[in-house]
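The values are calculated or read from the model by the stated rules, or taken from the named source; none is laboratory data. Fair warning: this is a prediction, and the values are worked out from it, not measured in the lab. A quick note on method: Cβ atoms are made from the backbone with ideal geometry, for glycine too, and the neighbour counts reach across all protein chains shown. Calculation scope for accessible area: heavy atoms of the full protein, side chains included, ligands and nucleic acids excluded. Shrake-Rupley method; radii C 1.70, N 1.55, O 1.52, S 1.80 Å.
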Amino acid sequence: MEPKKIKEMARFIINENATVRFTADVFGLSKSAVYTYVTERLYKIDPELYEKVQQVLKANKAERHIRGGIAT
């Protein structure tokens, strides 16, 4: 995937406080593909943007049990 598209995904996650699952749905990709793009590949492309995405992903992971409880 081209770096421009990976940065677009990263900005989407940051701006929307989006989960990997939601981002995958929006971009029509698998969760594992999105995760790989915004972690491994984004770090090589734009380390500063990578750090911002990691903050959102960590917050989402910490809140995961709350969202799961709400869904049931």
Just to be sure I understand the filter: pairs with C-beta atoms under 6 Å, separated by 6 or more residues or on different chains, first member in the range 1-20 and touching a residue at least 24 places away in the same chain (Cβ under 8 Å), second member open to solvent by 90 Å² or more (accessible area, probe 1.4 Å). Which pairs pass? I6/R41; I14/K52; V20/K31; V20/Y35
Being of a type in the set (K, R) and at pLDDT 95 or above is true for just one of K52, K61. Which residue is that? K52
Which residue is least open to solvent (accessible area, probe 1.4 Å), if the candidates are limited to the range 21-54 and must be touching a helix residue (DSSP H, G or I) at 6+ places or on another chain (Cβ under 8 Å) and more than 19 Å from P3 (Cβ to Cβ)? S30
Here the qualifying pairs (Cβ atoms under 8 Å; residues six or more apart or on different chains; first in the range 37-56 and of a type in the set (A, V, I, L, M, F, W, C); second not in a helix (DSSP H, G or I)) come out as V56/N17; V56/A18
